[in-house]
Ligand SMILES: [Zn+2]
């Protein structure tokens, strides 16, 4: 028989650690999901968009940017943050996202019936009405999942050396054959909308990948790094930058 008060060989420590790790992992997974849900809600109910959202929102159409289930967007060749156009590095961001159909009707229907049952419950009391309110919310979520599928969004974004490490993913929402991007700066969003407008008016060159209206005298960026985030995965930091070689430095 083992002595009960003999010190265990630290079996508790790893299990507590792994439990904490599991919680952290769950939080890391949940946080982007709630952020995404909120972004989707803002697209479905545009009243929720604030002034910054509107200034930084760019809307792309499936006809122009989507092939199969893959969206390709090339953002203007300027730094995502300061707008610099020289010595750029590019980041190719690939994210799996859910695309929705008739989402507003489903959300409105679910919210409406939940509110109706809650109203009745507050008048007459009774657990059943509260349960029905919850069921309406659950049914709404189930219907949303049923009327949605996964698509991949590939966005190419540029950065200067100074701002490369702080680079953030743009907010993305897929809805009814539209891709909504919330870009990290007003100037980038303005430039992207300008390019889109020029392309649609036919003044920009015919571009296979879409939205690239930039003149060719801009030097191709020296470095290109690919970043991929799978659907529902916790966000990984953007990859570290390799050092830029300046043209004068060449030996
Ligand atoms: Zn910059």
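Tabulated values for the structure
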quantity: Scope the stretch 170-189; condition within 16 Å of the ligand (Cβ to nearest atom), under 19 Å from residue 43 (Cα atoms) and surrounded by fewer than 21 Cβ atoms within 10 Å (Cβ to Cβ); matching residues; calculated: 184, 185, 186
quantity: The stretch 103-118, subset surrounded by 16 or more Cβ atoms within 10 Å (Cβ to Cβ) and at pLDDT below 90, residue nearest to residue 62 (Cα to Cα); calculated: 103
quantity: Members of the stretch 78-92 that are surrounded by 22 or more Cβ atoms within 10 Å (Cβ to Cβ) and away from the ligand (no atom under 12 Å from the Cβ); calculated: 91
quantity: Residue within the stretch 39-60 that is surrounded by fewer than 16 Cβ atoms within 10 Å (Cβ to Cβ), more than 16 Å from the ligand (Cβ to nearest atom), within 14 Å of the chain's Cα centre (by Cα) and outside the structural domain of residue 170 (by TED's automatic domain parsing) present; calculated: yes
quantity: Among (1) farther than 22 Å from residue 181 by Cβ; (2) in contact with a strand residue (DSSP E or B) (Cβ under 8 Å, 6 or more places away or on another chain), the one test that residue 137 misses; calculated: (2)
quantity: Filter result for the condition that a residue is over 22 Å from residue 171 (Cβ atoms), away from the ligand (no atom under 16 Å from the Cβ), within 24 Å of the chain's Cα centre (by Cα) and free of Cβ contacts under 8 Å to residues at least 40 places away in the same chain, over 140, 126, 112; calculated: 140
quantity: Considering residues of the stretch 144-161 that are over 21 Å from residue 192 (Cβ atoms) and surrounded by fewer than 18 Cβ atoms within 10 Å (Cβ to Cβ) only, the residue farthest from the ligand (Cβ to nearest atom); calculated: 146
quantity: Any chance residue 97 is modelled with pLDDT of 90 or more, crowded, with 18+ Cβ neighbours inside 10 Å and within 16 Å of the ligand (Cβ to nearest atom); calculated: no
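The values are calculated or read from the model by the stated rules, or taken from the named source; none is laboratory data. Note that this is a predicted model, so its numbers are computed, not measured. Cβ: placed from backbone, ideal geometry, glycine included. Neighbour counts: every protein chain shown.
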